[in-house]
Amino acid sequence: MKRLINTKKIITALFCASMAITVSCKDNNVEGPVEPTPDPAPELPELPVPGDIHKYKAPLYWTIYEYAREMELAGIPYDQMDLSSDQWDAVIDMMATKFKPYGYNMICTDGFLPQKARDGGIYMSHYGSMPLKELVRRAKEKGLKVGIYDNPLWIKGNLDSKVPGTNYSLRSLTRNPQDKVLYPDVTDRTDFTWLVTDHPGAREYIDGFFKHYHDLGVDYIRMDFMCWYEDGDPGRDYPVTCGYGRERYERGLAYICESASKYGIFTSIVMPELYNDGELERKYCNMTRIVQDTNIGGWHHFSSFNRGKIYDRWPYADNQMDGFTHWSHIGGKGKIILDGDFLRLNKCANDDERRSQVSLQLIAGGPVTIADTPETIGNLDKFYTNEELLALNTDGFIGKPLSDEIDSEGSCIWYGTMSNGDVVMAMFNREEAPRKMSVNLSEIGLSGEYKVRDLWKHADESAVESVFTVTVPRHGCKVVKLTK
C-alpha cells in the first residue's frame, strides 16, 4: 500500500512537470526541455558605506623590515627568525630617545617572522617569541605605540574554533567546493589560509580581528598580499591562489573599513592590484603602497631599479620616484595616503641620496618609515629629524609633480601649498652628474617676488621673481619654501 501511494505521487509529479514544461515551451515558442532553475544563493548584506576615513596625516615610525630582510638573505628559516627581548628594548630606546621628540611615535612589525595565535586564541598573539601584549606594554612605557603587520582575511587560529559571537567555525569561513573562484583547479599556496568574505561569519570574524587589536592597544594595521586574494596575482607564471574575485575583495575591504573605523584603527594596504585607478582601495583604505618592496634600499629603491618602467598591475613601479609620480593623481587632501615603503638610509652612497629619500616622502605627503636598526643607524638620525621638513607632515602637506609622466623633467619637480599659504618646492636630480635646473614660478601658479628658504641648509637665500634656477648635485635635491 505504501509503495502504491508513492508510485501515484511520482506519476502525478511527472505529469505536472510535463505539463509545466509544455506550457513553458509553448509560451516561448521553444521546443525541448527547460533547464531547472538553480537554488538561489543566500542573500548577502548590503556593503557598509565608508564614512570620512581620509582625515589622517601620514604616520612617522620605525619598522622591523631591515632586521627581517637581512635574516632572510642570510638563509635563516622562517620558523627560526626572531628578535631577542634585548633587541626589542634597544629599538624602543632608540625611538624614544632619538625620534619621539620629532613626532615618530610608533614601532611596527612586518612579515618574515612567525605570526602565531597561541593560548587558545584565534587571532595573532605572538610575533616571533615576543607576546604582542608585552611588546605594547614596553613601548607604551616609553610613550610609543605599536603597529601590527597582519591581515583580517588571514585565518591563524584552530579551524575548529568559533567565530566570536557566532556558532560558525573558522573552517566554515574557508573555501569549499561550491565556491565559484577564478581558478578552480588552483590550490592556494600554504603561506596563508584565506577566509571567503561572502561566507556567513566573515563579517563577525573581521570585526573580532579589529576588536582584538583595539583591546591590545594597537591602532595601526598593515595588510599585505591583497593582490593574491583578488585575482591570484596573474602577473606571475601561475596563479598563487584560486582568485576569490573582485566582488569578494570589495566585500572584504568594506568590512575592514567598517570595523577599523569602529575601533579607531588606521589601515595601510600593502600589495593591492589598484585596478581602476585604485578605485576600491581609495574608497576603503587610509593608505596604500604604490611601489615595490624596499629590498636593499638606497638609491636602488629610490630611483634606479627599472627606472621609467610602469607595469599594468602590482607593483606598477619598482622605484619610489616612478611610483609616487605615477600615482600622484590619486593622492591629495582628503584622499588616500601614498606609501613609498621603508627607508634604509644606511644603504645610501652619500648624504645627497639620503636627503633626496626623506624629502620625497614628505613632499608627496607619504609616511617616513625608518628601517635602519640600532646597529646601522649611526648618526643618520639627523636626516630623519629635519624639523623644517617634518613641519610638512605636521601641516598635512601633500605635493604634486609638475608632470605625472614617468621620467619626464616635470616629474622631478614637486610643489604644494601649506595651510598658511607658503609654497614648498622640491627639485630632484636623478642623474649621474650635477644638473642646472630651472622652474618658472608661473608653472606652479605664482607671480611676483618671493622670499626663499632652503629647508636643508636652514638658511634664507636671495629673493626670487619669475624664474628659480639652481644647480642640484648628483642624486641630490633642493627643497625650498617660497613666501610672498
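No lab work stands behind these numbers, since they all come straight from the coordinates. As the structure is a computational prediction, the values presented were derived from the model and not from experiment. With ideal geometry, Cβ positions are generated from the backbone for all residues, glycine too; neighbour counts draw on all protein chains shown.
Helix 246-263 and the longest principal axis of the Cα set of the chain meet at an angle near 60°. Between Glu46 and Thr469, the distance separating the two model label sites (each 7 Å from Cα on the Cα→Cβ line) works out to 6.2 nm.
Put a dot 7 Å past the Cα of Asp404, heading toward its Cβ, do the same for Glu247, and the two dots end up 3.0 nm apart. Across the stretch 416-483, what fraction of all alpha-carbon pairs, as a whole percent, falls in each successive 5 Å bin from zero upward? Answer for the stretch 416-483: a P(r) of 4, 17, 27, 27, 16, 7, 2, 0 percent.
Using 0.36 nm per residue and subtracting the Cα-Cα separation, the extra length available between Glu461 and Ser161 on full extension is 101.4 nm. Here Ala433 and Lys382 are evaluated by their C-beta separation; at R0 = 30 Å the FRET efficiency comes out at 0.70. Label separation (Asp86 vs Ile310): 5.0 nm, computed from points 7 Å beyond Cα along the C-beta direction. Scaled against the 2.2 N^0.38 Å expected of a compact globular protein of N residues, the Cα radius of gyration of the stretch 298-346 reads 1.18. Hey, what angle do you get for helix 132-141 against the long axis of the chain, alpha-carbon based, 0 to 90 degrees rounded to 10? Approximately 30 degrees, to the nearest ten. With 0.36 nm allotted per residue and the present C-alpha distance subtracted, the Arg236-Asp93 stretch has 47.3 nm of extension available.
In the stretch 60-404, inverting the average of 1/r over every pair of distinct C-alpha atoms gives 20.7 Å as the Kirkwood radius. A simple rule links phi to the HN-Hα coupling: the Karplus curve 6.51 cos²θ - 1.76 cosθ + 1.60 with θ = phi - 60°, which for the stretch 328-334 gives 4, 6, 8, x, x, 4, x Hz, with x for Gly and Pro. By other beta-carbon atoms within 10 Å, ranking His458, His329 with the fewest at the front produces His458, His329. Averaging over all projection directions, the Cα-based convex hull of the stretch 279-382 occupies 6.8 nm² in the image plane.
Computed from the C-beta positions of His329 and Thr190, the FRET efficiency with R₀ = 41 Å rounds to 0.60. Taking only alpha carbon atoms, the stretch 325-474 gives an Rg to Rh ratio of 0.94, where Rh is the Kirkwood radius. One equal scatterer on each Cα of the stretch 160-313, no solvent, Debye formula: the resulting log10 I(q)/I(0) at q = 0.12, 0.14 Å⁻¹ is -0.58, -0.78.
Could you work out the percent of alpha carbon pairs in the stretch 194-253 separated by over 17 Å, rounded to a whole number? Within the stretch 194-253, distances greater than 17 Å cover 48 percent of Cα pairs.
Relative contact order of the chain: what whole-number percent is it, with Cα pairs under 8 angstrom and at least 6 residues apart?
12 percent
Here the residues Lys333, Lys57, Lys98, ranked from fewest to most Cβ neighbours within 10 Å of their Cβ, fall in the order Lys333, Lys57, Lys98.
Highest mean packing first, where packing is the average number of other Cβ atoms within 10 Å per residue, the peptides 78-87, 392-401 line up as 392-401, 78-87. Could you state the angle between the C-alpha long axis of helix 2-28 and the longest principal axis of the C-alpha atoms of the chain, as a value from 0 to 90 degrees rounded to the nearest 10? Helix 2-28 and the main axis of the chain meet at about 60 degrees. In terms of other Cβ atoms within 10 Å, Glu443, Glu43, Glu432 run from fewest to most in the order Glu43, Glu432, Glu443.
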